[in-house]
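The values are calculated or read from the model by the stated rules, or taken from the named source; none is laboratory data. A quick note: this is a predicted structure, and the numbers were derived from the prediction, not measured. Glycine also receives a Cβ, built like all others from the backbone with ideal geometry; neighbour counts cover every protein chain displayed. For accessibility, only protein heavy atoms count, side chains too; no ligands or nucleic acids. Shrake-Rupley method; radii C 1.70, N 1.55, O 1.52, S 1.80 Å.
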Amino acid sequence: MLGLALFTSSASGFEARSLDGSGNNLSHPSWGQVGTPYRRVARARYADGAGAPAGGPNSRYLSNRVFNDLGQNIFSERGVSQWVWTWGQFMDHTFGLAQDGTDRRPVPFASGDPLERFRNDLGSLSFTRDAAAPGTGASAASPRQQVNTVSSFIDGWSVYGGSPDRLEWLRVGPVDGLMADNGASLMLTPDGYLPRASARGNAAAAPPMVVDGGLRLRPQTAVVAGDRRANENMALTAVHTLFAREHNRIVRALPATLPAEERFQIARRVVGAEQQFITYREFLPAVGVKLPSYRGYDPNVNPSLGNEFATVAYRAHSMIHGEFDLTVAGRPLVVQLGQAFFNPDIVQTLGLGSILSGLANETQYKNDEQIDDSLRSVLFQMPAPGAADPVACFTTPGTPGCFQGVADLGALDVERGRDHGMPAYNEMRQAFGLAPRRTFRSITGEASDRFPRDPKLDPAHPVDDPDSIDFVKLLDGEGHPVKAGTPAAAEDVRVGVRRTPLAARLRAIYGSVKKVDAFVGVVSERHVPGSEFGELQRAIWTRQFEALRTGDRFFYRNDPALDEIRSRYGIDYRHTLGDLIALNTEVRRAALPGNVFLAPQGN
């Protein structure tokens, strides 16, 4: 096996990043390294002080009353595009992934809940706790911590991975344990798409990739990339493909007389800088996160990912669309998220340029408490004992002899917060320097936290009345009413008013503001003007992204090697995301918005 310290310097004379994040800080070489615990800002909250998850309302019950969007699309009031959630997920898969555990804690599913609209033959939602960091969780003196299995840097991890074994497989050349005989380029298909697990013959020997859905039946067709989650949806797979192409584009632009290892390391250095440049110059400004002026690298700043950031603030699942509106070969096409789920074939079928440009031309959903049913109530089937056609259970809805199950990302976000010992909402606000909220209406910004006197509501149990979450008013971006059931209701709504205030439903569920789960409080907050976030979410993002740049010795604004590469070879990292799409697909730059994170008006 190749050692992690293989690439400590390059033939160009500049020091190269380690693959696993180690050694970035010379005085604290483990800061940001793979396999280290997430950092905490707030004190851990466990039921026993050590590691038992804190209690709270049943998360599916809560989801049905808070996260349930009833199929009504509510779009970003500031018009950010679908690139925001796509890039956000790509970055998430660059700097964070908790270590899987084995402690199963299923969430009870009440089929008799009057607000339940789905069937779940399994009787519960599957949930497994993340693993505890070694030496933690046995007592209150050392509460349970979780391990980040990805390096905490914006460093191209999603393209190259964190181990020489994975990288050697991804690079052109033999897999023989000797990186010295590999080419400078990443392996792609002849038409420029990511390699499949079977690309080198034995799919079982390929680097492990996460597979789900129909891909479980044919794991040999999964695409292989730096991060093992690259098959999750077609947008994510497309971005992985874009940056693999970008690496190879840079390699082709370098003199062929340079050694392969030198060309590889130069391209890797530039790709990491491009990801940083796009994140700090386009992505963060688009969502309204404004950082203090950059003052250079500070070796006293630990850039390691924060538990509150990874577990609560960065789980913006309400932004994700249930469908993609694309133009393929000049014709409009709508792709449902379910069709794009663990289906890498669709990227080649539709074409990379069509997918990437489509993300730029459609407004994404509002970052709020409402989550699309394609994520909040994902339906899946599995074979029941004695099923006549077990394979069809995975591929054909409604097949007789199959169990139907439900997965709920919103409910699991709540459970994950309890699993990781996240403090209650107000405790987290205080940990990040914000005043606690005293009332539910001060969280949501609504005028009341009481249920209205409405003849359609059950006065005894209004929170359990299905009519309580009906939409009674829809408004477009200019404040004009939109009629339910019309095309405008599907494409133009920026504000949805429900029969009961969110604050009233939160009050009925929790009883006291002190008991609100941090995740629920974060997504329920009124947005800060000029931002896609409430006050707490924005504060957590600001602190984390400031640490990710200030505590990174190789941050693009602190890296003289990038100036040397530009001077010597004419290769510049200062590209917008739109530039990279145009450089690596058939899409013309003029056909894309100037900033692809902001959708054209009217879309």
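With a cap of 13 neighbouring Cβ atoms within 10 Å, and only residues DSSP puts in a loop, list the trypsin sites (Lys or Arg not before Pro) found in the stretch 367-471.
Values: sites: Arg376, Arg416, Arg418, Arg429, Arg437, Arg438, Arg441, Arg450, Arg453, Lys456; in loops: Arg437, Arg438, Arg450, Arg453, Lys456.
Sparse-neighbourhood loop trypsin sites (Lys or Arg not before Pro): Arg438, Arg453, Lys456.
If the only charges are +1 at each Lys and Arg Cβ and -1 at each Asp and Glu Cβ, what is the size of the charge dipole of the chain around the Cα centre, to the nearest 20 debye?
The dipole of the chain has a size of about 1020 debye.
Hey, with R₀ at 60 Å, roughly what FRET efficiency would Leu70 and Asn558 work out to, going by the Cβ-Cβ distance, to 0.05? The partial results should precede the final answer.
Working: r = 48 Å, r/R0 = 0.81.
E between Leu70 and Asn558, to the nearest 0.05, is 0.80.
Would you work out which of Leu170, Ser142, Val210 lies farthest towards the positive end of the dipole of the stretch 131-211? Charges go on Cβ: Lys and Arg +1, Asp and Glu -1.
Most positive-ward Cα: Ser142.
Which FRET efficiency value, to the nearest 0.05, is calculated for Ala384 and Arg281 with the Förster distance at 60 angstrom and r the Cβ-Cβ distance?
0.70
Distance between Cα centroids, the stretch 443-517 to the stretch 521-587: provide it in whole Å.
After rounding, the separation between the Cα centres reads 35 Å.
Using only Cα atoms, figure out Rg for the stretch 305-431 and give it as a multiple of 2.2 N^0.38 Å. Intermediate results must be reported in sequence, preceding the final value.
Working: Rg = 18.7 Å, N = 127, 2.2 N^0.38 = 13.9 Å.
Compactness ratio reported: 1.35.
Taking loop as defined by DSSP and a crowding limit of 10 other beta carbons within 10 Å, which chymotrypsin sites (Phe, Trp or Tyr not before Pro) in the stretch 151-248 fit?
Taking the stretch 151-248 and a limit of 10 other Cβ atoms within 10 Å, no loop chymotrypsin sites (Phe, Trp or Tyr not before Pro) are found.
Which one of Gly226, Gln265, Pro452 has its Cα pushed farthest toward the positive end of the charge dipole of the chain, where Lys and Arg give +1 and Asp and Glu give -1 at the Cβ?
Of Gly226, Gln265, Pro452, it is Pro452.
Each residue of the stretch 38-46 in order: what ³J(HN,Hα) in whole Hz does its phi give by Karplus 6.51 cos²θ - 1.76 cosθ + 1.60, θ = phi - 60°, with x for Gly and Pro?
4, 7, 10, 9, 8, 5, 5, 10, 10
Based on Cα coordinates alone, diagonalise the gyration tensor for the stretch 509-576, multiply each eigenvalue by 5, take square roots, and list the semi-axes in whole Å, largest first.
Semi-axes, largest first: 42, 13, 8 Å.
Over the chain, average the accessible area per residue using a 1.4 Å probe and give it in Å², no decimals. Provide the component values of the computation, followed by the final result.
Details: 23930 Å² over 603 residues.
Heavy-atom SASA per residue in the chain reads 40 Å².
Roughly how big is the stretch 186-302's charge dipole about its Cα centre, with Cβ charges of +1 (Lys, Arg) and -1 (Asp, Glu), in debye to the nearest 20?
100 debye
Taking DSSP loops as anything outside H, G, I, E and B, show the longest stretch in the chain free of GluC sites (Glu not before Pro) there with at most 12 other beta carbons within 10 Å. Mind showing how you got there, number by number?
Details: sites that count: Glu478, Glu586.
For GluC sites (Glu not before Pro) (loop position, at most 12 other Cβ atoms within 10 Å), the longest site-free span of the chain is 1-477.
Just how far, in whole angstrom, is the stretch 401-428 from the stretch 292-337 if you go by their alpha carbon centroids?
Using only Cα atoms, the two centres lie 19 Å from each other.
Where Lys and Arg each count +1 and Asp and Glu each count -1, what net charge lies around Glu116 among other residues with Cβ under 14 Å from its Cβ?
That works out to -1.
Could you grab the relative contact order for the chain? Cα pairs under 8 Å, six or more apart, rounded to a whole percent.
On the way: 1192 pairs, mean separation 132.7, N = 603.
Answer for the chain is 22 percent.
Considering only protein heavy atoms and a probe of 1.4 Å, how much of the accessible area of the stretch 84-188 is carbon and sulfur, as a whole percent?
54 percent
Roughly how many Å² of Val328 are accessible to a 1.4 Å probe, to the nearest 10?
Answer for Val328: close to 30 Å² accessible.
Distance cut-off 24 Å, Cα to Cα: go down the list Lys366/Lys473; Lys366/Lys456; Lys366/Lys514 and report the pairs above it.
Exceeds cut-off: Lys366/Lys456; Lys366/Lys514.
For the stretch 148-220, take N as its residue count and report Rg(C-alpha) divided by 2.2 N^0.38 Å.
Its radius of gyration relative to the 2.2 N^0.38 Å reference: 1.18.
Between Arg104 and Ala329, what is the label-to-label distance in nm when each label sits 7 Å out along the Cα-to-Cβ direction?
Label at Arg104, label at Ala329, 4.5 nm between them.
How high is the FRET efficiency from Ala180 to Leu26, r the C-beta distance, R0 30 Å, rounded to 0.05?
So the FRET efficiency works out to roughly 0.65.
Need the full-extension length gain, Leu217 to Ser124, defined as separation in residues times 0.36 nm minus the C-alpha distance. One decimal, nm. Provide the component values of the computation, followed by the final result.
Numbers: separation 93, 0.36 × 93 = 33.48 nm, distance 2.41 nm.
Result for the pair: 31.1 nm of gain on full extension.
Using just the helices of the chain, give the 222 nm mean residue ellipticity in deg cm²/dmol: DSSP H runs with n ≥ 4 each add -39,500 (n - 2.57), and the total is spread over all residues, rounded to 500.
Numbers: 21 runs with 182 residues, N = 603.
Helices in the chain give a 222 nm mean residue ellipticity of -8500 deg cm²/dmol.
Which net charge results when you count Lys and Arg as +1 and Asp and Glu as -1 among the other residues whose beta-carbon is under 10 Å from that of Ile469?
Numbers: positive: Arg65, Arg498, Arg499, Arg505; negative: Asp69, Asp465, Asp467, Asp470.
Result for the neighbourhood of Ile469: 0.
Given a 1.4 angstrom probe, I'd like the percentage of the accessible area of the stretch 430-491 that is carbon and sulfur, rounded to a whole number. Don't skip to the answer; put the middle values down first.
On the way: 2040 of 3940 Å².
The computed percentage sits at 52.
Please give me the summed charge of the neighbours of Glu232: other residues whose Cβ is under 15 Å from its Cβ, Lys and Arg +1, Asp and Glu -1. All intermediate terms of the calculation are to be shown ahead of the outcome.
Numbers: positive: Arg216, Arg228, Arg229, Arg315; negative: Asp92, Asp212, Asp227, Asp345.
Overall, the nearby charge balance is 0.
State the answer as a single residue: which of Ile154, Ala180, Tyr193 lies farthest towards the positive end of the charge dipole of the stretch 140-205, with beta carbon charges of +1 for Lys and Arg and -1 for Asp and Glu, about the Cα centre.
Farthest towards the positive pole: Ile154.
Nothing charged except the Cβ atoms of Lys and Arg (+1) and of Asp and Glu (-1): what's the magnitude of the dipole of the stretch 416-515 about its Cα centre? Round to the nearest 20 debye.
Here the stretch 416-515 has a charge dipole of around 540 debye.
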